[in-house]
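Take a look at the structure below.
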Amino acid sequence: MIRVLEPATAQVMAELPQAGVEETDAAVARAREAYPAWRALDPDERANVLYGLADALRAKQEDLARLEARNAGKPISDARGEMGMVADTFRYYAGASEWLLGDTIPVAGGVDMTFREPLGVVGLITPWNFPLTIASWKVAPALAAGNTVVLKPAELTPLTAVELEKIALEAGLPEGVLNVVAGPGSVCGQRLVEHPDVAKIAFTGSTEVGRRIAAGAAETIKRVTLELGGKSANVIFADADLEAAAASAPIAVFGNAGQDCCARSRILVERSAMDRFLELLEPVVRDMRVGDPLDEGTVMGPLISEDQRETVSSYVDDDHVAIRGSAPEGEGFWFPPTVLAPVSNKDRAAAEEIFGPVACVIPFEGEAEAIEMANDTIYGLSGSVWTRDGAKALRAARAIETGVLSINSNTSVRVSTPFGGFKQSGVGRELGPHALDAYSEVKNVYYATGG
Ligand code: NDP
């Protein structure tokens, strides 16, 4: 039995049967059986089923948001936005069923054409920080491209994935096309990685588990997409709009209680602007409302678990705390938004992914040092550059080794644009048209026409 906790109260909010190897194998078998018919469905019919699912998800947005807010401990306003994105993601990829195009290539003696073929059964393994959102980034393009799916959500947050399976069936997705298996990663996840009938694994989670999955998938030459950790830099030059940068920097680290692979948790500030920046940052951090996820005014909830709170605490040395926000006392896995300053880029808190509401403010001198520091990490997922000098912004954006970068903004994710990491932040891209490459093979067909 899985006992699902509510992080704000540390109480059990649901219990559900725990899947193991047998249930995982059964789910793969169902997906395999459903594959030929799903793959053969006319593209417009497949699109219509997925449009129907997008509408059904939109209709359930509030219920799903409340469930996700309670189970993941995220503010209801954020959860509502995420569930809106889930519906939009299905709507976007529904259309892709009809525009997943091939090419014609000029060659001698005939016609050469390419087709985008589905892979078969794909295994999707997702984390607890954005449970249904990250699931939708994988499920929607996988189904649109004609694959069938086994989805393994994190055991800490399986509830919205279980709802997704039900909503999909009600919306007309044929039986067996989407199968959710709620069970431990080391059992169900690993079985998907090893299973000979699974053609691909798409995974979001820690770099450590990602490494294990890549090694396991090599046995059967499975395709692999990995979205892993991050330690992104928010580079603030002295000529930036410091008010705007300071207003935005806290939520770029403390959003989702810092449990965000895109968290811009290294705030690199040009030394001459350091004092002013910290002065502007302090009231924003202190005014952040940390509390009940279901309260409309809350901007930050609890951490996901006691384990996570212990890990995060291990990075905070009181001597380096420059700003500390507030957090409720008592039950629940609370941790206050915390700013460490000044910090060296080499310190443990600046080098390792904390996955909690802890920001490191790091001084730098000039453009070259900013870029060197931004790149001095094993990760490369997101990042930002703040300056009023457009040429400098573009030079820095090109030089920083990262998959997603924003100028004068701290946003990372849009349904229609690619998302993914450089270096040890991952392999492959999600969202946008690029995600479809991850769920299809290119087939090349040559037709000899005799001239
Ligand atoms: P984990 O890597 O522990 O878990 C992610 C998923 O993998 C869960 O469903 C988990 O199952 C499963 N899993 C665990 N072990 C195995 C295994 N041996 N084989 C197959 N699957 C397995 O990460 P967390 O969920 O704890 O998330 C925190 C980390 O993930 C952070 O480092 C963060 O940076 C990264 N992350 C990256 C994102 C990105 O987009 N790049 C997004 C979100 C998080 P279960 O938990 O049920 O046992």
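Rule-based calculations on the coordinates, nothing more; no lab input. These numbers come from a predicted model, not from an experiment. We place every Cβ from the backbone using ideal geometry, glycine too, and count neighbours over all the protein chains shown.
Against the main long axis of the alpha-carbon atoms of the chain, helix 43-59 sits at an angle near 40°. For residue 222, the aspartates and glutamates whose Cα comes closer than 14 Å to its Cα, not counting residues fewer than 8 places off in the same chain, are 194, 197, 441. Between the helical axis of 242-254 and the dominant principal axis of the chain, each derived from Cα atoms, what acute angle in degrees is found, rounded to the nearest 10? The answer is roughly 60 degrees. Overall shape of segment 1-80 was characterised from the C-alpha gyration tensor. The equivalent ellipsoid obtained from it has semi-axes of 31, 23, 7 Å, in decreasing order. With each label modelled as a point 7 angstrom along the Cα→C-beta vector, the residue 241-residue 162 pair spans 4.6 nm. From Cα pairs below 8 angstrom and at least 6 apart in sequence, can you work out the relative contact order of the chain, rounded to a whole percent? Relative contact order comes out at 19 percent. The mean sequence distance of close C-alpha pairs (under 8 Å, at least 6 residues apart), as a share of the length of segment 40-116, puts its relative contact order at 34 percent.
Other residues with beta-carbon under 10 Å from the beta-carbon of residue 228 carry, at +1 per Lys or Arg and -1 per Asp or Glu, a net charge of -1. For the listed peptides 220-229, 285-294, a ranking on the average number of other beta carbons within 10 Å per residue, highest first, reads 220-229, 285-294.
For the chain, the longest principal axis of the C-alpha atoms and the axis of helix 21-40 are separated by about 60°.
The packing ranking, built from the mean of other Cβ atoms within 10 Å per residue, places the peptides 405-411, 87-93 in the order 87-93, 405-411, highest first. In this structure, the pairs whose alpha-carbon distance is over 28 Å, taken from 231/392; 200/423; 60/152; 60/231, are 60/231.
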